[in-house]
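One structure is given here, and the rest of the page talks about it.
Just so you know, all these numbers are worked out from the coordinates, no wet-lab data involved. Small disclaimer: the values here were computed from a predicted structure and weren't measured. Using ideal geometry, Cβ is built from the backbone for each residue, glycine included, and neighbour counts are taken over all protein chains shown.
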Amino acid sequence: MKRSAVWKDRLLTSVLAVVAGLVVSGAYIALTGKDPFKAYFELFKAGFGFESLTRNGLFQTFQLSTSLILTGLAAVVAMKSGIFSIGQEGQYLMGATVAAWLGSSVHLPYVIHPAAVIACSMAAGAIYSFIPGWLKVKLGVNEIITSFLMNNMAVLLMTYIVNFPLRADKGSTAHSAIVDETAQLPVFFQGSKWGAGFILALAAVAIIHIYLKRTAPGYALRISGEALPFASYGGIRSARAVLCGMLISGALAGLAGAIEILGVYRRIMQGFSTGVGFDGLMVAILAKNSPIAVVVVAIFFAGIRLGAQIGLQASMSIPRELGGGIIATIILFVAAESLFLGFIETGRLKWRKALGVEGGRGE
Amino acid sequence: MSYAVEMRGITNYFPSSGVLANKAVDLRIGKAEIHAVIGENGAGKTTLMNSLYGLREPDSGEILVDGSPVRIPNPEAAIGLGVGMVHQHFKLVPSFTVTENICLGVESSRLGFLSPAAELESVGELMEKYGLGVDPKTPVRELSVGMRQRVEILKALKRKAKVLLLDEPTAVLTPQETASLFEVLRKLAAEGCSVVLITHKLPEVLAVAETVTVMRRGEVVGRRPVAGATIPELARMMVGREVVFSVERGAARPGETELLVRDLVVAGSGGAPAVLGVNLRVRRGEIVGIAGVNGNGQSELVEAITGLRPAELGRIELGGTDVTSEPVRSRRRAGGAHIPEDRMTTGLDMQASLEENAIVASYSGKALSRFGFLRRRPIRDFAQGIIDDYAVASASPEGGVSTLSGGNMQKIVLGRELSGAPRFILANQPTRGLDVGSIEFVHRALVAARDRGAAVLLVSVELDEIRALCDRILVMYGGRIVGELSEAEASDEKLGILMLGGKL
């Protein structure tokens with residue numbers, strides 16, 4: 001089969017999974033006694049609508065999608081190198097914590113300050129990701145377990161840092177001081193948080209796409225992840241390639257954390273972790289490990305979240321948790337993709353028969 | 001006269017890969033006959049047998065057992081109809097005894113308790129009836145491969161198989177074991193059992209079968225009595241063209257030593273030594289063969305020489321340089337090429353495109369990358385060059401490799417490994433599972449490499465291959481080289497004795 005055909009199938013599977021997820025979620029809404037069509041209209045209007053430059057859901061969706069794009073991309077890079085790391089959440093927290101610390105305690109001029117902070121956050125995420133990768137490659141320790149445990153460690157570490165060394169005042173919720181104005185990322189429009197971080201995320205997508213597709217180290221990484229025995233046989237230094245992938249993956253998650261602090265919250269507070277890392281994993285799954293598709297999926301997920309919050313909860317008094325429910329249902333259908341592949345195949349077969357074309361015989 | 005098994009118009013289509021594996025196939029197996037089904041790899045033999053054994057229900061067509069139409073949705077149904085199968089990879093419990101394995105699932109019991117005595121007795125009767133001697137109380141892990149195969153056959157017979165399917169049964173056997181297997185098959189036929197032998201080894205068809213069905217590209221292209229058939233005739237039916245059997249090969253003109261292995265000790269996967277002090281030398285312009293039954297340390301030796309497995313002791317030199325502790329990459333740079341035994345997982349990346357497969361050993365070189373960026377044009381040309389030079393059918397540089405036939409996959413491996421004129425080539429089972437046409441191609445390529453001045457080390461369990469290609473033959477047994485024979489000295493008998501650990 002031509003590879004382009006494989007891609008078409010993948011795209012079709014994802015689209016069918018989304019449609020099936022929306023249909024089933026519509027049934028949830030109907031169960032609450034509300035009209036699902038009106039609910040979806042409100043949801044998409046709130047999530048993707050555009051009334052004016054200052055009054056629209058679309059820009060906020062873009063802002064919300066920024067960290068999803070980056071953690072999704074981090075998950076893609078890890079999985080491409082053959083490591084099923086679920087540690088993006090921890091790396092994201094490490095990046096955020098470092099950004100909140102250096103953003104408020106080090107004083108540097110404009111441009112240099114955020115650049116330096118972002119570099120340090122990326123390094124923190126990379127180191128945090130390197131550990132499970134190294135344990136896997138050198139000692140064969142299961143990366144799912146180590147990266148998961150390291151997520152918990154990151155939450156606890158962040159909680160300690162926010163409560164003690166970085167605590168700014170005696171308010172009821174522990175939080176750090178606001179980062180210097182010099183370190184804050186610029187926004188595109190007053191009153192919106194959508195800003196430079198989004199550009200950084202898109203640039204990261206482009207760089208990773210080129211790195212994986214067009215460079216020699218990217219090739220080594222992909223081949224090592226796809227077929228390790230083949231890579232070692234061909235003389236690829238797989239351990240190096242995979243560890244390199246883990247460093248990049250962690251750096252991307254760390255970047256997401258830094259952007260969230262410097263561009264959105266300006267400080268870190270107790271309970272900062274919102275599961276962005278895990279959402280990134282889901283984005284990567286629905287995007288079928290394609291860096292480009294990650295952007296589309298992340299924006300889609302962010303829009304559903306926002307739409308559920310504003311469109312459903314605020315205007316139809318349907319709990320906003322339904323947004324998470326819709327996403328989870330879609331992921332469930334993605335996991336059952338063989339079902340759709342079966343449909344696609346039978347459909348294709350019927351078309352061929354109807355058209356009188358004989359099924360192609362392979363070698 | 002009704003047939004033991006009759007398959008009519010069987011069609012099997014795999015939508016996921018678009019392969020029509022069987023196209024309206026008819027197969028008729030007579031009662032008490034040994035029937036060979038031959039065909040190239042990918043001809044659809046295995047799919048057809050899977051349909052008969054209930055592993056895959058055909059998309060259309062019907063199956064008749066003893067003249068009455070049946071449905072075989074799963075192997076249980078097949079066994080119930082008296083159809084038994086001996087798989088290529090045995091399905092036995094190593095720690096159980098022979099009797100326990102044979103009776104597994106059909107145990108004799110009394111009041112809910114197992115009765116080993118009754119089992120032992122019934123197994124003994126079976127062995128006597130069919131002349132299949134195996135010690136019934138030995139744990140299976142202590143048996144040789146040939147004996148394990150007997151246990152598999154007994155398992156099927158215990159389930160009252162009247163039709164026995166054997167999938168490439170001789171692939172793992174020595175010549176002596178093969179001969180005794182054929183004895184057993186004849187005895188089975190004499191007792192009224194029908195035997196279906198799936199194979200691509202034509203001499204075996206002539207030696208044991210009465211009728212042969214030839215398949216090509218999913219279709220039956222012929223069915224005839226074996227009496228009067230010749231190998232070239234069957235090969236022509238199978239491949240659809242004339243096949244040259246003996247590769248033309250002039251005398252070797254050995255030059256300097258290219259590969260030198262000294263007192264090499266290599267640990268197996270379990271930690272126990274698998275290679276115990278091997279010494280060997282391969283010179284430029286000669287093909288040296290390592291014969292032996294599978295699992296006598298050949299894989300570990302190959303992995304140590306190529307750098308995939310560390311050497312515990314000893315020394316490996318390539319072209320005069322000590323590479324004992326060098327990684328794969330430097331050994332390849334030193335002019336080493338490797339045709340691995342498992343092309344599906346080691347030799348190729350099934351998920352990657354053809355060009356990504358072609359560049360694995362050379363992607364970081366100046367010709368294919370610059371400043372860390374892959375150069376698309378040269379890579380495409382390089383892959384296209386392999387496709388053209390090796391006549392890889394229905395392939396494109398950006399296409400995948402997983403849908404290619406075994407022979408075409410191996411051509412890609414060969415094309416990649418032989419590009420850049422390697423000085424040393426290690427070929428491990430380079431023709432395993434290939435059809436006669438592709439085997440001929442691989443053999444020619446190896447001989448051509450030798451004549452160009454490369455040193456070739458060929459590891460194979462196929463004696464025909466070793467004898468057709470090698471200038472010197474080493475026999476490996478129990479992790480050691482137990483004998484060296486010149487091309488002239490070697491005979492199947494001598495090799496067979498050495499391969500089983502005997503002395504000449």
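Please arrange B:VAL140, B:VAL25 by counting, for each residue, the other beta carbons lying within 10 Å of its beta carbon, fewest first. Can you show the working numbers first?
Numbers: B:VAL140 20, B:VAL25 24.
Least crowded to most crowded, the residues run B:VAL140, B:VAL25.
Expressed in whole Å with the largest first, what are the equivalent ellipsoid semi-axes of the stretch A:36-177 derived from the C-alpha gyration tensor as the square root of 5 times each eigenvalue? Walk me through the numbers on the way to the answer.
Numbers: eigenvalues 184, 122, 52 Å².
Ellipsoid semi-axes (Å, largest first): 30, 25, 16.
If contacts are Cα pairs under 8 angstrom and at least 6 residues apart, what is the relative contact order of chain A in percent?
Details: 622 pairs, mean separation 119.5, N = 363.
Dividing the mean separation by the residue count of chain A yields 33 percent.
For A:PHE343 and A:LYS8, calculate 0.36 nm times their separation in residues minus their Cα-Cα distance, and state this gained length in nm to one decimal.
Details: separation 335, 0.36 × 335 = 120.60 nm, distance 1.39 nm.
Between A:PHE343 and A:LYS8, full extension yields an extra 119.2 nm.
Between A:VAL19 and A:SER317, how high is the FRET efficiency from 1/(1 + (r/R0)^6) when r is the Cβ-Cβ distance and R₀ = 41 Å? Nearest 0.05. List each step's numbers first, then the result.
Numbers: r = 26 Å, r/R0 = 0.64.
Calculated value: 0.95.
Dividing the Cα convex hull volume of the stretch B:332-487 by residue count, how many Å³ per residue is that?
Numbers: hull volume 19.2 nm³, N = 156.
Roughly 123 Å³ of hull volume per residue.
Give me B:MET344, A:MET246, B:MET215 sorted ascending by neighbouring Cβ count inside 10 Å, so fewest comes first.
Working: B:MET344 17, A:MET246 30, B:MET215 26.
So the ranking, lowest neighbour count to highest, is B:MET344, B:MET215, A:MET246.
Based solely on its DSSP helices, what 222 nm [θ] is calculated for chain A when runs of n ≥ 4 H residues each add -39,500 (n - 2.57) and the sum is averaged over all residues, nearest 500 deg cm²/dmol?
Details: 14 runs with 254 residues, N = 363.
One gets -23500 deg cm²/dmol as the mean residue ellipticity at 222 nm.
Using only alpha carbon pairs under 8 Å that are at least six residues apart, calculate the relative contact order of the stretch A:135-197 and give it in whole percent.
On the way: 36 pairs, mean separation 8.6, N = 63.
That works out to 14 percent.
Considering only DSSP states other than H, G, I, E and B, which trypsin sites (Lys or Arg not before Pro) in the stretch A:110-216 qualify as loop sites with at most 10 other Cβ atoms within 10 Å?
Loop-located and lightly packed - A:LYS170.
Residue by residue through B:342-348, how many Cβ atoms from other chains fall within 10 Å of the Cβ on average? Can you show the working numbers first?
Details: counts 3, 1, 3, 5, 8, 5, 4.
Partner Cβ neighbours, averaged per residue: 4.
May I ask for the Rg/Rh ratio of the stretch B:82-231, computed from Cα atoms with Rh as the Kirkwood radius, given to two decimals? It would help to have the intermediate numbers written out before the result.
Details: Rg = 16.6 Å, Rh = 16.4 Å.
Ratio of gyration radius to Kirkwood radius: 1.01.
How long, wide and thick is the protein assembly as shown, going by the Cα atoms along their three principal axes, in whole angstroms, largest first?
Ordered largest first, the protein assembly as shown gives principal extents of 93, 70, 60 Å.
How crowded by other chains is B:427-436, given as the mean number of beta carbons from other chains within 10 Å of each beta carbon?
Details: counts 0, 0, 0, 0, 0, 0, 0, 0, 0, 0.
Average per residue, whole number: 0.
Once the Cα atoms of helix B:145-158 and of chain B are each reduced to a long axis, what angle between those two axes, in degrees from 0 to 90 to the nearest 10, is obtained?
30
Points 7 angstrom from Cα along the Cβ direction at B:SER109 and B:ALA32: gap in nanometres?
3.7
Give the calculated FRET efficiency between B:SER68 and B:THR345 to the nearest 0.05, with a Förster radius of 45 Å applied to their Cβ-Cβ distance. If you can, show how the numbers build up before the last one.
On the way: r = 43 Å, r/R0 = 0.96.
After rounding to 0.05, the efficiency reads 0.55.
Tell me the label-point distance for the pair B:SER396, A:TRP351, using the 7 Å Cα-to-Cβ offset, in nm and rounded to one decimal.
Label at B:SER396, label at A:TRP351, 1.8 nm between them.
P(r) for the stretch B:1-93: what percent of alpha-carbon pairs falls in each 5 Å bin, starting at zero?
In order of increasing distance, the bins hold 3, 13, 23, 26, 20, 11, 4, 1, 0 percent.
Quantify how strongly other chains surround peptide B:299-308 by giving the mean number of their Cβ atoms within 10 Å of each of its Cβ atoms. Let's see the in-between values first.
Details: counts 0, 0, 0, 0, 2, 0, 0, 3, 3, 3.
Average neighbour count from other chains, rounded to a whole number: 1.
Could you tell me the largest-minus-smallest coordinate of the C-alpha atoms of chain A on each of the three principal axes, in descending order and whole angstroms?
Dimensions of chain A along the principal axes of its Cα atoms: 75, 60, 33 Å.
State, in angstrom, two size descriptors of the stretch B:240-376 derived from its alpha carbons: Rg to one decimal place and Dmax to the nearest whole number.
Cα only, the stretch B:240-376: 17.7, 50 Å (Rg, Dmax).
Under the √(5λ) rule applied to the eigenvalues of the Cα gyration tensor, what semi-axes describe the equivalent ellipsoid of the stretch A:163-303? Give them in Å, descending.
Working: eigenvalues 243, 65, 40 Å².
Semi-axes (√(5λ), whole Å): 35, 18, 14.
Output the 0 to 90 degree angle, nearest 10, between the alpha-carbon long axis of helix B:376-389 and the longest principal axis computed from the alpha carbons of chain B.
60
Using only the Cα atoms of the stretch B:401-504, what semi-axes does the equivalent ellipsoid have when each is the square root of 5 times a gyration tensor eigenvalue? Give whole Å, largest first.
Numbers: eigenvalues 142, 50, 28 Å².
Taking √(5λ) for each eigenvalue gives 27, 16, 12 Å, largest first.
How big is chain B on each of its three principal axes, counting only the C-alpha atoms and giving the largest first in Å?
72, 47, 46
Go ahead and run the numbers for FRET between A:PHE189 and A:MET153, Cβ-Cβ distance against an R0 of 51 Å, rounding to 0.05.
Details: r = 38 Å, r/R0 = 0.75.
For A:PHE189 and A:MET153, the calculated efficiency is 0.85.
Once Rh for the stretch B:163-238 is found with the Kirkwood sum over Cα pairs, what is the Stokes-Einstein diffusion coefficient at 37 °C and 0.692 mPa s, in µm²/s? Display every interim value, and only then the final one.
Values: Rh = 13.1 Å.
Roughly 250 µm²/s, to the nearest whole number.
So which trypsin sites (Lys or Arg not before Pro) in the stretch B:363-435 are both in a DSSP loop and have at most 15 other Cβ atoms within 10 Å of their Cβ? Write out the running numbers ahead of the final one.
Numbers: sites: B:LYS366, B:ARG370, B:ARG375, B:ARG376, B:ARG380, B:LYS411, B:ARG416, B:ARG423, B:ARG432; in loops: B:LYS366, B:ARG375, B:ARG423, B:ARG432.
Hits after loop and neighbour filter: B:LYS366.
Show me B:232-242, A:146-156 ranked by packing, highest mean number of other Cβ atoms within 10 Å first.
Numbers: B:232-242: 16.3, A:146-156: 18.3.
Ranking the peptides B:232-242, A:146-156 by packing returns A:146-156, B:232-242.
Give me the distance in nm between label points sitting 7 Å out from Cα along the Cα-to-Cβ direction at A:PHE37 and B:ARG141, one decimal.
It is 6.8 nm.
Please rank A:LEU102, B:LEU276, fewest neighbouring Cβ atoms within 10 Å first, as an exposure proxy.
Details: A:LEU102 25, B:LEU276 15.
Lowest count first: B:LEU276, A:LEU102.
A 27 angstrom limit on the alpha carbon distance is what I want to check against. Which of A:LYS45/A:LYS193; A:LYS136/B:LYS411; A:LYS34/A:LYS193; B:LYS31/B:LYS158; A:LYS136/A:LYS193 exceed it?
Working: A:LYS45/A:LYS193 19 Å; A:LYS136/B:LYS411 35 Å; A:LYS34/A:LYS193 32 Å; B:LYS31/B:LYS158 19 Å; A:LYS136/A:LYS193 39 Å.
Too far apart for the 27 Å limit: A:LYS136/B:LYS411; A:LYS34/A:LYS193; A:LYS136/A:LYS193.
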